[in-house]
Amino acid sequence: MLTIYHNPRCSKSRETLKLIEEHGDMVEVVEYLKMPPSKADLKKIVEKLGIKPHDLIRTGEAIYKEKYKGSELSDDDWLQAMEEHPKLIERPIVIKGDKAIIGRPPEKVKELF
């Protein structure tokens, strides 16, 4: 079973979901803008990705530029920022067990098959 943190308005997210469905895997779709992950969930996600919280931030988003650009925040503060502003979360994130990938490019999801 795969879980995808998905934004249906994002072409990369849609392409990644399509690859999963074509492969025939069971998938749980989490529209993270409607149901944002908690700070605890985000911590688990970055651990599975093997990255720092700041590496999961979409630095091109307006909210980042307005509130966070140039900020030196702790990992905990970045997790809090993503919880408060889920638009900051890079997408799509696909999880299978203890492994996760960011589907950029979408073909990276094949690493989990």
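The values are calculated or read from the model by the stated rules, or taken from the named source; none is laboratory data. Nothing here was measured: the structure is a model prediction, and the numbers come from that model. Quick reminder, even Gly has a Cβ in these numbers, built from the backbone with ideal geometry, and neighbours come from all protein chains shown.
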Some residue of the stretch 29-50 being out of contact with any His (no Cβ under 9 Å at 6 or more places or on another chain), surrounded by fewer than 18 Cβ atoms within 10 Å (Cβ to Cβ) and over 18 Å from Thr3 (Cα atoms): no
Those residues of the stretch 78-113 which are among the polar types (S, T, N, Q) and under 9 Å from the mean Cα position of the chain (by Cα), in sequence order: none
Residue match in the stretch 83-91 (condition: among the charged types (D, E, K, R) and in contact with a Cys (Cβ under 9 Å, 6 or more places away or on another chain)): yes
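So that you can scan it fast, the table gives a plain yes or no per residue for (1) at negative phi; (2) buried (at least 18 other Cβ atoms within 10 Å of the Cβ); (3) of a type outside the set (A, V, I, L, M):
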position	(1), (2), (3)
Leu79	yes, yes, no
Pro92	yes, yes, yes
Asp98	yes, no, yes
Lys110	yes, no, yes
Scan of the stretch 52-67 for residues that are closer than 13 Å to Ile89 by Cβ and in contact with a helix residue (DSSP H, G or I) (Cβ under 9 Å, 6 or more places away or on another chain), ordered by number: Pro53, His54, Asp55, Leu56, Ile57, Arg58, Thr59, Glu61, Ile63, Tyr64
Selected residue [in contact with a strand residue (DSSP E or B) (Cβ under 8 Å, 6 or more places away or on another chain) and either in the same structural domain as Met1 (by TED's automatic domain parsing) or farther than 22 Å from Arg9 by Cα (or both)] from Lys44, Lys52, Lys48, Lys67: Lys48
Set Ala81, Ala62: member being farther than 20 Å from Met35 by Cα, aliphatic (A, V, I, L, M) and not assigned by TED's automatic domain parsing to the domain that holds Pro8: Ala62
Flag if Pro106 is touching a residue at least 12 places away in the same chain (Cβ under 8 Å), buried (at least 18 other Cβ atoms within 10 Å of the Cβ) and in the same structural domain as Glu21 (by TED's automatic domain parsing): yes
Scan of the stretch 26-47 for residues that are more than 15 Å from Leu88 (Cβ to Cβ) and either among the acidic types (Asp, Glu) or within 11 Å of the chain's Cα centre (by Cα) (or both), ordered by number: Glu28, Val30, Glu31, Glu47
